[in-house]
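**Q** Have a look at this one before I ask anything.
The values are calculated or read from the model by the stated rules, or taken from the named source; none is laboratory data. Keep in mind that this is a model prediction, so the values were computed, not measured. Cβ placement follows ideal geometry from the backbone for every residue including glycine, while neighbour counts extend to all protein chains displayed. For accessibility, only protein heavy atoms count, side chains too; no ligands or nucleic acids. Shrake-Rupley method; radii C 1.70, N 1.55, O 1.52, S 1.80 Å.
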Amino acid sequence: MEIENNLPKTFSPEGIEDKWYQRWMDAQSFKPKKGKQNQTFTMIMPPPNVTGKLHMGHALNATTMDTLTRYKRMKGFETLWIPGTDHAGISTQSVVEKLVWKQEKKNRHDLGREEFVKRIWAWKEEYGSEIVSQQKKMGVSCDWDYSTFTLDEIPNKAVKKFFVDLFNEGLIYQSDRLVNWDPALQSAISDAEVEHKEVKGFFYYLKYKVKEEPGMELIIATTRPETIFADTAVAVNPNDERFKDLIGKTAIIPICNREVPIIGDEHVDIEKGTGCLKVTPGHDFNDFEIGKRNDLPIINILNLDGTYNKNAPEIEGLKTKDARKKVEEILLELGELIEKKDHVHPVGHGERSDEIIEPMVSKQWFVNTTAMSETAVKAVENGEMTFFPKGWENTYFSWLRNPKDWCISRQLWWGHQIPVYYCRECDAKWAAEETPEECVECKSENLFQDPDVLDTWFSSGLWPLSTLGWPDEKAMKEKGFDRFYPNTVLVTGYDIIFFWVARMMMMGMKVTEKAPFEHVYIHAIVRDKQGRKMSKSLGNGIDPLDMIKQYGTDAMRFTLAAGSGYNRDLNLDPERIEGYRNFVNKLWNAFRFIHPYLDKAKDELPVKSEWHLHDKWILAELNTVAKKMNESLDLYRYDDACSEIYQYVYDKFCSWYIELSKNILNGSNEKEKIIRATMLKFCFKKIVNLLHPITPFITEEIWGYLENEKSLLIAQEYVEFDHTLENSEVQEMMNKFIDITTGIRNIRSSVNLKPKDEIDVKIFTDDKRLAKFVYESRHFLKDLANVKSGTIRSKNAEKPKKSASLVTTHCEIFIPLEGLIDINDQVNRIKKDMEKTQADYKKVEAKLSNMNFMANAPEEVRTEVIEKAKLFQDKLSSLNEILESFQ
RNA sequence: GGGCGUUUAGCUCAGCUGGGAGAGCGCUACCCUUACAAGGUAGAUGUCGGGGGUUCAAUCCCCUCAACGCCCACCA
């Protein structure tokens, strides 16, 4: 019988992806709706930089979040996923600055602040949404009406309010302190933005004269000889016998011949270097502390661009690298450099610029985070917020339990300008949410605003609040702040636990006294197949958009989801995407198979008494999968969820149920056909339902066929466990039936039978339920293993001699092929099986003869082992019997 | 220097509260069988990093060593 099928043989994702995304948008499918759970599910999307391009990290983040969102939505939560973009101060400013330079040969100072910021906005309007359209290609089902940009009015209000409140509380203050100065950006950056890298350098051993002890020379080891111009002391450990007598005397710095005191400070490590330390409070964090303790003056020898200033006349105008060479030359000439040794040491680099960070004293704004950190730590300790996987809380704790004040001011133009105002007439300085008209003290109108902007993370830290309208009451009401805050879960990578998660916890709890999320799921970082970080310089990046083009979004998403559990790295090999593309195609072809029978299918399942054994089986298996998928997704085990449905589709539905259906669908019993068509359709609806959160496009496409586009799959209820479908007995029997079928195929293969060769099979078993099951399934063996005829008997019946055969733990299978088989081959097969079974048997037998095992092992384990022993014994005696038949 | 993590089949990884080692990809042989060659059927492959301990029983718990990776930390 020819079956018409007008569906394409391979599934092509192009076209259908955009189609369905648009349908979902048109149907407002991404908007929160009240559902059967009577609970909200809220999540914010980590806002990508407006300058960003979609990379694998985004793709993974989008996949895990969208899977979760679709799952929760289908489960009946009022689901809100909030998208947005980040202004990303530094990177956006430098992108536009470069562009302006390229086009007009002007830098930002040539344009002036107002004009330059205008250019950035213009750039943002034109190019800032590229990342958004790329996210849509991934299928993200977020509510775009909530989309927020970190420089929008509400986040700006949030930033101002938070700043002003903390300022008035005294938690935000301005101070002249040593900060991490990035000479490339010409801005301060926070501790968290400094990356320490191992750098090859030298230890320089310098001679310092002691004024009071002519002829005496102190040897000081340093990695930064160029900073001697900023030295204001020499320090030794007060307990160091070698030097303690020098404390209070005076050292003379080489080259500049300045006199500085020799001081004692516990910080000095007697073992390290020479035990003598040059103290440079203006350019070293430890020295700054020593300086504070000992009241030392601070000398700044650097300009903002990283060149040395007039306080270091010999190296004025040079940058550190050249300055160091120059100083080395001068010291050599003077004979003050005794030795230069190779030395590898960590050096701070700017996270964005990758420039060497110069510690420099500068007036900056800081947040005192002591109290906020403590609150944030407690929230995790007492379970108000939980990390998945739990281990990440250690990373979180380690940072928050050692809080340092956060430097929040940046000398940039793109960002939230600090809402602090100064009066030119008097010395007044105050913070205000609204731009003031006059001085709070003297009423003068001659005011100016602090020119600095805030660290980007200051506004990102308020993201869970500001995306829901805070602090604007009208907006909060419109956006449902009370319902949607706190968020249910935050999904992000471990690289921004400090930057972002910790800050949101601190800031969110400061404002609302509630943790901004219940769960934080930390997903892996995507690496290449060899486990290396994807980077431009290595050229090992995999572009998600290329992959989508090549294999489709669904395949890409399934791959990422299948690789996401509680692991910290995801090593991605494009071959895996290809493999899952094949799976998507398999699903499509399974659908192609049932498609012609859909019009026979009824909407409701038939009464249970009409279910075939195989129907009971496939529904019981489906039910098991539904249970496991729900459990897995609740725990963010996307890997388990993927493997469950993958195995069901491949190894249960396609390999067996479809094969077992052919006999019926091609048969003549119309009633049976209708029932089977109904079953196939029912199962398929459940399969695409279960898969939809992971692979939304193909499932929605198939759903369209199954339901004649009367409804959207995205809005269906997710399949859950249904105890009425449970049937462990039929599952057990079916597994044995599968064993038998595979056994027959195995025998066929062992005697090189062609697929077209029909056979006669004799099965011997003492398991009556199995005998019944096999008997009822006997007609299917024709389709499954080309069995023409056969018998099922008990084991004590007479068996064929010199046959091809195979023994399982529950039955013996014979294919009588007198004269056609190679006796030696068969004997060897049996012998090999015997060896293996004997080994298995010995293992369990050893346990049974172990008195300690019998005395200590729990009852159920003992029973299990005893049963196994019996099975192996039976199998052995069957094998023995067969072997004898060949004698 | 402190902390965390990893080490299981050729590759990428799962293995939950200890009780006969798993998946995907790859590989081998045979098959263009009317859903699918982006496929089917059958098959091979592991001293579960080394050593020690607890236990009747250890891939799983404890100790120790080794290799690799990550994070934090003051550029003497």
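**Q** Given (1) in contact (Cβ under 8 Å) with a residue 24 or more places away in the chain; (2) out of contact with any Lys or Arg (no Cβ under 8 Å at 6 or more places or on another chain); (3) surrounded by fewer than 18 Cβ atoms within 10 Å (Cβ to Cβ), identify the lone condition not met by residue A:271.
**A** For residue A:271, the exception is condition (1).
**Q** Among the residues of segment A:780-791, is there at least one that is in contact with a His (Cβ under 9 Å, 6 or more places away or on another chain) and either aliphatic (A, V, I, L, M) or within 14 Å of RNA strand B (Cβ to nearest atom) (or both)? So that I can check it myself, show each step before the final result.
**A** Let us first name the residues in segment A:780-791 that are in contact with a His (Cβ under 9 Å, 6 or more places away or on another chain), namely A:780.
From what's left, either aliphatic (A, V, I, L, M) or within 14 Å of RNA strand B (Cβ to nearest atom) (or both): A:780.
Looking for residues that are in contact with a His (Cβ under 9 Å, 6 or more places away or on another chain) and either aliphatic (A, V, I, L, M) or within 14 Å of RNA strand B (Cβ to nearest atom) (or both), one finds at least one in segment A:780-791, hence yes.
**Q** Separate question: How many residues, within segment A:811-829, are surrounded by 17 or more Cβ atoms within 10 Å (Cβ to Cβ), modelled with pLDDT under 85 and within 53 Å of the chain's Cα centre (by Cα)?
**A** So in segment A:811-829, the residues surrounded by 17 or more Cβ atoms within 10 Å (Cβ to Cβ) come out as A:811-817, A:821, A:826, A:829.
Now drop any that are not modelled with pLDDT under 85, which leaves A:817, A:821, A:826, A:829.
Checking which are within 53 Å of the chain's Cα centre (by Cα) leaves us with A:826, A:829.
Of the residues in that region, 2 qualify.
**Q** Do we find that residue A:263 is more than 11 Å from RNA strand B (Cβ to nearest atom), β-branched (Val, Ile, Thr) and part of a loop (DSSP other than H, G, I, E, B) in this structure?
**A** Working: more than 11 Å from RNA strand B (Cβ to nearest atom): yes; β-branched (Val, Ile, Thr): yes; part of a loop (DSSP other than H, G, I, E, B): no.
Here the answer is no, as residue A:263 does not meet what is asked.
**Q** Given the options A:379, A:371, name the one that is crowded, with 16+ Cβ neighbours inside 10 Å, under 30 Å from residue A:458 (Cβ atoms) and among the hydrophobic types (A, V, I, L, M, F, W, C). Working first, answer last.
**A** Numbers: A:371 fails: crowded, with 16+ Cβ neighbours inside 10 Å.
So the residue among A:379, A:371 that is crowded, with 16+ Cβ neighbours inside 10 Å, under 30 Å from residue A:458 (Cβ atoms) and among the hydrophobic types (A, V, I, L, M, F, W, C) is A:379.
**Q** Still on this structure, please answer the following. Six or more apart or on different chains, Cβ under 6 Å: which pairs go from a residue in segment A:831-846 that's over 13 Å from residue A:878 (Cβ atoms) and assigned to a helix (DSSP H, G or I) to one that's open to solvent by 90 Å² or more (accessible area, probe 1.4 Å) and more than 8 Å from RNA strand B (Cβ to nearest atom)? Could you list them?
**A** Correct list of pairs: empty, since none qualify.
**Q** Please verify whether residue A:834 is within 14 Å of RNA strand B (Cβ to nearest atom) and surrounded by 12 or more Cβ atoms within 10 Å (Cβ to Cβ), treating the condition exactly as stated. Break it down stepwise before answering.
**A** Values: within 14 Å of RNA strand B (Cβ to nearest atom): yes; surrounded by 12 or more Cβ atoms within 10 Å (Cβ to Cβ): yes.
Yes, satisfied.
**Q** Something else about it: Can you pull out the residues in segment A:751-797 that are open to solvent by less than 30 Å² (accessible area, probe 1.4 Å), touching a Lys or Arg at 6+ places or on another chain (Cβ under 7 Å) and not in a loop (DSSP other than H, G, I, E, B)?
**A** Within segment A:751-797, A:759, A:764, A:770, A:785 qualify.
**Q** Another question, if that's okay. Filtering segment A:714-771 down to residues that are among the aromatic types (Phe, Trp, Tyr) and within 30 Å of residue A:696 (Cα to Cα), which residue is nearest to RNA strand B (Cβ to nearest atom)? Reasoning before the result, please.
**A** Going through segment A:714-771, the residues among the aromatic types (Phe, Trp, Tyr) turn out to be A:718, A:721, A:737, A:764.
From what's left, within 30 Å of residue A:696 (Cα to Cα): A:718, A:721.
Working: A:718: 22, A:721: 16 Å.
Filtering segment A:714-771 for residues that are among the aromatic types (Phe, Trp, Tyr) and within 30 Å of residue A:696 (Cα to Cα), the one nearest to RNA strand B (Cβ to nearest atom) comes out as A:721.
**Q** On the basis of being β-branched (Val, Ile, Thr), under 30 Å from residue A:664 (Cβ atoms) and outside any loop (DSSP other than H, G, I, E, B), does residue A:882 make the cut? Show your work before the answer.
**A** Working: β-branched (Val, Ile, Thr): yes; under 30 Å from residue A:664 (Cβ atoms): no; outside any loop (DSSP other than H, G, I, E, B): yes.
No, not satisfied.
**Q** Just to check your reading of the model, which residue among A:869, A:846, A:857 is open to solvent by 50 Å² or more (accessible area, probe 1.4 Å) and at pLDDT below 90? Explain how you work it out, then say what you get.
**A** Numbers: A:869 fails: open to solvent by 50 Å² or more (accessible area, probe 1.4 Å); A:857 fails: open to solvent by 50 Å² or more (accessible area, probe 1.4 Å).
It is A:846.
**Q** I'd like the residue in segment A:302-329 that is free of Cβ contacts under 8 Å to residues at least 12 places away in the same chain and charged (D, E, K, R) and, out of all such residues, is farthest from residue A:202 (Cα to Cα).
**A** A:310
**Q** Provide a single number: the residues in segment A:26-61 that are of a type in the set (A, V, I, L, M, F, W, C) and within 18 Å of the chain's Cα centre (by Cα). Explain how you work it out, then say what you get.
**A** Looking only at segment A:26-61, we keep the residues that are of a type in the set (A, V, I, L, M, F, W, C), and these are A:27, A:30, A:41, A:43-45, A:50, A:54, A:56, A:59-60.
Next, from what is left, pick out any that are within 18 Å of the chain's Cα centre (by Cα): A:43-45, A:54, A:56, A:59-60.
Here the count works out to 7.
**Q** Testing residue A:141 on (1) crowded, with 16+ Cβ neighbours inside 10 Å; (2) part of a helix (DSSP H, G or I), one condition comes back false. Which one is that?
**A** Among (1) crowded, with 16+ Cβ neighbours inside 10 Å; (2) part of a helix (DSSP H, G or I), the lone unmet condition for residue A:141 is (2).
**Q** Okay, next question. Could you look through segment A:380-413, keep only residues that are within 12 Å of RNA strand B (Cβ to nearest atom), under 30 Å from residue A:361 (Cα atoms) and not in a helix (DSSP H, G or I), and pick out the one that is modelled with the highest pLDDT?
**A** Top of the filtered list is A:406.
**Q** Filter the helices (runs of 4 or more DSSP H) completely within segment A:414-491 down to those with at least 3 residues that are among the β-branched types (Val, Ile, Thr), without any contact (Cβ under 8 Å) to a residue 40 or more places away in the chain and under 19 Å from residue A:83 (Cα atoms). It would help to see each step written out before you state the result.
**A** On the way: elements: A:456-460, A:463-466, A:473-479, A:481-484.
So the answer is none; nothing clears 3.
**Q** Out of the residues in segment A:515-555 that are among the basic types (Lys, Arg) and not in a helix (DSSP H, G or I), which is least open to solvent (accessible area, probe 1.4 Å)? Explain how you work it out, then say what you get.
**A** The first filter runs over segment A:515-555 and keeps only residues among the basic types (Lys, Arg), leaving A:527, A:529, A:532-533, A:536, A:549.
Still in the list and also not in a helix (DSSP H, G or I): A:527, A:529, A:532-533, A:536.
Values: A:527: 42, A:529: 123, A:532: 92, A:533: 131, A:536: 202 Å².
Among them, the one singled out is A:527.
**Q** Among the candidates A:670, A:610, A:659, A:621, which residue alone is touching a residue at least 24 places away in the same chain (Cβ under 8 Å), more than 9 Å from RNA strand B (Cβ to nearest atom) and open to solvent by 50 Å² or more (accessible area, probe 1.4 Å)?
**A** So the residue among A:670, A:610, A:659, A:621 that is touching a residue at least 24 places away in the same chain (Cβ under 8 Å), more than 9 Å from RNA strand B (Cβ to nearest atom) and open to solvent by 50 Å² or more (accessible area, probe 1.4 Å) is A:610.
**Q** A further question follows. Suppose we filter segment A:266-301 for residues that are out of contact with any Leu (no Cβ under 9 Å at 6 or more places or on another chain), within 10 Å of RNA strand B (Cβ to nearest atom) and within 21 Å of residue A:328 (Cβ to Cβ); how many remain?
**A** Number satisfying all stated conditions: 3.
**Q** Additional query: Look through A:640, A:599 and report the one residue that is closer than 20 Å to residue A:560 by Cβ, in a helix (DSSP H, G or I) and open to solvent by 50 Å² or more (accessible area, probe 1.4 Å). Before the answer, list the steps.
**A** Numbers: A:599 fails: closer than 20 Å to residue A:560 by Cβ.
Just a single option satisfies the conditions, and that option is A:640.
**Q** Scan the helices (runs of 4 or more DSSP H) fully inside segment A:20-124 and keep the ones with 3 or more residues being within 30 Å of residue A:516 (Cβ to Cβ). Walk me through how you get there before you give the answer.
**A** On the way: elements: A:56-75, A:89-104, A:108-111.
Answer list for segment A:20-124: A:56-75, A:89-104.
**Q** Taking segment A:349-377, which residues are at pLDDT 90 or above and within 25 Å of the chain's Cα centre (by Cα)?
**A** If the condition is that a residue be at pLDDT 90 or above and within 25 Å of the chain's Cα centre (by Cα), then A:373, A:376, A:377 are the ones that fit.
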